Amino acid sequence: MARITMREAISQALMEEMDRDPAVFILGEEVGVWGGTYAVTKGFYDKYGPERVKDTPIAENAIIGGAIGAAMVGQRPIAELMTINFGFSAMDYIVNQAPKLRYMFGGQFSVPMVIRAVGGGGRQLGATHSQTPDAIFAHFPGLVVVSPGTPADAKGLLKSAIRSNDPVLFLEHATMYQVRGEVPDGEYTIPLGKSTIQRPGKDLTIVTYCKGLELSMKAAEDLAKEGIEAEIVDLRTLRPLDMEPVLESFKKTNRAIVVEEGWKSYGVGAEIVSRIYEQAFDYVDAPILRVAQKEVPLPYNRNLEQAALPQVPDIIAAAKEVLK
Amino acid sequence: MAETIKMPKLGFDMAEGTLVRWVKNVGETINKGDVLAEIETDKATVEVESHADGVVLQHLVDAGTSVPVNNPIAIVGAEGEKVDSAPAAGGQPAPAAPAAAASSSAPTPAPVTQTAAPAATPAPAETGPVKASPLARKVARDRGVNLGSVVGTGPGGRIVRRDIESALKASPAPAVSPASAPIPVYETRTTQQPGDETIQTTKLRQAIGRRLVESKTTIPHFYVTHEYKMEALMDLRKQINGSLPDNEKISVNDFIVKAVALTLRQFPNLNASLSGTNIIRHGAVNVGVAVTVPGGLMTVVVKDTDQKPLRQISGEVKAMAARARDGKVKPEDVDGSTFSTSNLGMYDVDEFIAIINPPEAAILAISSAREVPVVSGGQVVPGWRMKATISVDHRISDGAEAAQFMQALAKYLEEPIRILV
Amino acid sequence: MDKENLIQMYYEMVLIRRLEERGAELYQQGKIGGFMHLYIGQEAVSTGLIAAREPRDRVITAYRDHGVAINCGISANEVMAELLGKSTGMSKGKGGSMHMADTSKNMWGGHAIVGGHLPIAAGFAIGDQYAGNDNITICMFGDGATNIGYFHEALNLAKTWNLRVLWVCENNQYGMGTAVDRASAVSEIRQKAEGYGMKNSRVDGMDVVKVHEAAAEALKYIRTEGKPYLLEIMTYRFRGHSMGDPERYRTQDEVKKWQEDDPIGIFRAYLAKKKIALGNDLDGIDAQVETEVQKAVEFAEASPEPGMDQLFADIYAEN
């Protein structure tokens, strides 16, 4: 076990897979000479050369469309979107091409492509560069949407994503690259589409993922000091969604909150809560609450931005409310 | 004088039918006996005939509507004849809205009116204004706690699980009466797994489900199995069929159906139905034959089976089974059986038991006639044997009677010439 | 080109024409659903073009794809079955008229988002370049697709990265009902390639022989130079944009004038003049096609609907 950052974990996964499989290559804006705008691919250009680490024009349709095409003819491209906010420019490819090609042509096409994209607020980048629009992408059957919350999961999930024969959108969080965590030594993978318990507890269930996991773990520590033991379920993959650990936990605790960084309306929380009501109604002992972003475009000003984003005290307050 | 055509009852257990299609539109001339509409019941799609002459004056329900038996569906009368305003279309007439419900804007909260219930059975507390979490309701239901007697400590006085638990500690739980136990339902997997397929059950499947859950959970079944010597019957059948054209050949089952009918004549208590505390012994012997159809099974009925010659029984069963498989069964094909049989002989079955078709007293499950080693005069020799098991309602009959019936049946099956004379 | 190849081209053109005429009838009878875009009038374009490719060259096109499917060697049976949504269609009845593909024939699909398949075509060439082979991707699209951003991103990338793509603009003069000069800053589409420093040319698309020559030349350039090429092919569709097009944007006279230049008629005259095939021989082919199309209709109508198990099949490779 080594204690490394999220950035190092993602970097390691990319490098190990490029070493393992010559069909894997990276393309995107500033992934090569620059070393990646978040320095995830630092040193890759020198190690693998311009054929395997391709600097592209600022043209998201060409990046994702090109990656889809290369994947269809047998390569395993990893396309990097500088941020998920630029994914809207390539929306057709992410939601309307990649997830449809296998189905629409009767199973003839495979799109073994990974789109890595960073998202999230909290860095004072203003409204168009700070979004957490995960739920939008998770709406589409045919796409796999992954968003890890720990370095170990990031590494194991990214390796699985690269080996998967389905298109995978891999969402990282801009403020989590420095988060440290224990990562197993050597080769390992974590299966896509499996939620997991990140912290055991008995009093309530917190369902979350990615940045929400970091916040929820802190909130759980504070709650524990007051004798409240929260069980934290980390979704890790938003589509296909694995509800088993959520339902199992909820049937034990009967009370839950969902924590996400995106907006509350039509969000991940809405989906999880609906499914609990649909599948475990008789176990509900209190209304399930959601902790999410305020319904505003994220402002630049730091105080305003922090006020709009979900915070640890919000989670603690929601937890206490459902325990009433 | 205009006449109202009602949803006919096309089978003793039919509660409602779906009007699938109007065959005669408003304004069209119709004669008695003409087909007015097509109805889909639990069992089949059947045609509804007009019992009046005239013109279709009004359709009272839209195609696609499910209509309870005996509710009006159309009015037939003389051309131009005025008819009174139509009865409430569609299903049952909507109950008058309770006064309280209409006054939702009333300044003071209206008390919730309990629907009038027989004085002896108080309305369950859950239907009242009690605020309780779904989990609390479930625990209360399972443990027999009246929510009305529990004080809620959740937000706004909501009853939550801990309140039920406190209430239980305070007073020992009453025994759960079996009658109040929830009706068991199929446990479903919580999530659809990849590769799973969800299939909407057909009306027929649902009807089978309803009937047989009722049968298996309310009728005390007991079973008696008997093994029959079939050599003589097999020989006789071969002989008879030798002179018959292919499409008229007599099956083993035809013999059994007739034999059962003749035996039932001697056992009126098994040709019977339970009605409250009375047993109704039927005058006619109508043997039902279970037939596999797409999506389930149906029981076609040979009326007066004991009085019909074998060839006629055979022909009727063939024709009714064909109609059943094609979904064109007539109401009289499936109605009125007094005793049912189920034959899995063609599938090489050693032995099986069947569930009683309520309200009948018994059902006979017939397995394959097979050539097996039998002991005869101290020697092992080949012989034809067939097992059959009768399932009987213990509220009507007992083991000894059932065993005697099975023995009496052997007289016919083992000396089949008696079936013919 | 030898006689055999010329006759094959004639056969394919007639097959496309008759197949689509029957398709239109079946559409009107309600047996084909959704959108259906006919290729009638444009047969010489894909026929001449695809006859010039090597089997290893990939073809990708837009939604007007029945003809391309036939030229790539997909059977009339499969095309008709897909139109009828049957399980025996090449896309198992889940793609329909606009989504025909068969990777074993190197036909990578009809794609229905205008311009959407251009970056994907560039991606095929990225994949081939990465694999180190000299396969060419032939990417066909209409004049309308050259006004959308995808086109420009794809052409820019293809030239910058030296991708082996033959960009083929089938200029049939209308993007749906909007004439080229009402929608495009330059009505000579090939000029758009100039902005990317890409070699280009324009050819008469009603003459299959000319199309074939121009395509062969362009493919030779791409193969040897390792660079992309844009070929603009001038053509005209005799039918509406899709079934049920009221055609208010053009006159009957205009359509009639173009129909005088029927690509099949032009090719028949060419074959007779060059003494390659006489009218009688060609009539024999016509009759053979008639039978083949009839059989395709019978095959498609007799084919089973896709089973309900197909509803959830092929969403993901890994479940």
What one gets for chain C as the Kirkwood radius, inverse of mean 1/r over different Cα pairs in Å, is 20.0
Of A:MET104, A:MET217, A:MET243, the one that fluctuates the most in a GNM where chain A has Cα springs shorter than 10 Å: A:MET104
Relative contact order [Cα under 8 Å, 6+ residues apart], chain C, whole percent: 23
Shape call for region B:205-420 from the C-alpha gyration tensor, a ≥ b ≥ c root eigenvalues: rounded (a/c under 1.5), prolate (a/b greater than b/c) or oblate? oblate
Provide C:ILE60, A:ILE58 in ascending order of the number of other Cβ atoms located within 10 Å of each residue's Cβ, fewest first. A:ILE58, C:ILE60
Give a residue-ordered list of calculated ³J(HN,Hα) values for region B:360-377 (Karplus: 6.51 cos²θ - 1.76 cosθ + 1.60, θ = phi - 60°; whole Hz; x for Gly, Pro). 5, 7, 7, 9, 10, 9, 10, 9, 6, 7, 10, 7, 9, x, 10, 9, 9, x
Among A:ALA318, A:THR253, A:PRO287 - extreme Cα towards positive end, dipole of region A:196-322, charges at beta-carbon: A:ALA318
27 Å Cα-Cα threshold exceeded, pairs from B:LYS6/B:LYS330; C:LYS31/C:LYS256; A:LYS100/A:LYS294; C:LYS31/C:LYS94; B:LYS6/B:LYS258; A:LYS42/A:LYS218: C:LYS31/C:LYS256; A:LYS100/A:LYS294; B:LYS6/B:LYS258; A:LYS42/A:LYS218
Row for region A:2-183, column shape: gyration tensor on C-alpha, a ≥ b ≥ c, rounded if a/c < 1.5 i.e. under 1.5, prolate if a/b over b/c, else oblate; value rounded
Assuming a ≥ b ≥ c are the square roots of the Cα gyration tensor eigenvalues, decide whether the protein assembly as shown counts as rounded (a/c under 1.5), prolate (otherwise, with a/b larger than b/c) or oblate. oblate
Final fewest-first order of A:HIS139, B:HIS226 on the 10 Å Cβ neighbour count is A:HIS139, B:HIS226
Most fluctuating residue given options C:GLY265, C:GLY132, C:GLY240, as computed from a GNM of chain C linking Cα atoms under 10 Å: C:GLY132
Relative contact order of region B:205-420: what whole-number percent is it, with Cα pairs under 8 angstrom and at least 6 residues apart? 30
Net charge, A:THR83 excluded, C-beta distance under 11 Å - Lys, Arg +1, Asp, Glu -1: -2
Note, ³J(HN,Hα) from phi for region B:139-146, Karplus 6.51, -1.76, 1.60, rounded to Hz, x at Gly and Pro: 4, 4, 4, 5, 9, x, 9, 7
Using DSSP to call loops (not H, G, I, E or B), can you name the GluC sites (Glu not before Pro) in region A:1-96 whose Cβ has at most 11 other Cβ atoms within 10 angstrom? A:GLU51
Exposure proxy order (Cβ contacts within 10 Å, fewest to most) of B:SER367, B:SER243: B:SER243, B:SER367
Using Cα pairs closer than 8 Å and at least 6 residues apart in sequence, work out the relative contact order for region B:351-421, in percent. 28
With a sphere of radius 12 Å drawn around the Cβ of A:GLY32, what net charge do the other residues whose Cβ falls strictly inside it have (Lys, Arg +1; Asp, Glu -1)? -2
Quarter of the surface of the C-alpha convex hull for chain A, i.e. direction-averaged projected area in nm², equals 16.2
Net charge within 13 Å of A:ASP222 by Cβ-Cβ distance, Lys/Arg positive one each and Asp/Glu negative one each, not counting A:ASP222 itself? 0
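Any read-out appearing in this document is the output of simple, stated calculations on the displayed coordinates, not a laboratory observation. This structure is a prediction, so every number in the text was calculated from the model and none was measured. Neighbour counts are summed over all protein chains in view; Cβ atoms, including those assigned to glycine, are modelled from backbone coordinates with ideal geometry.
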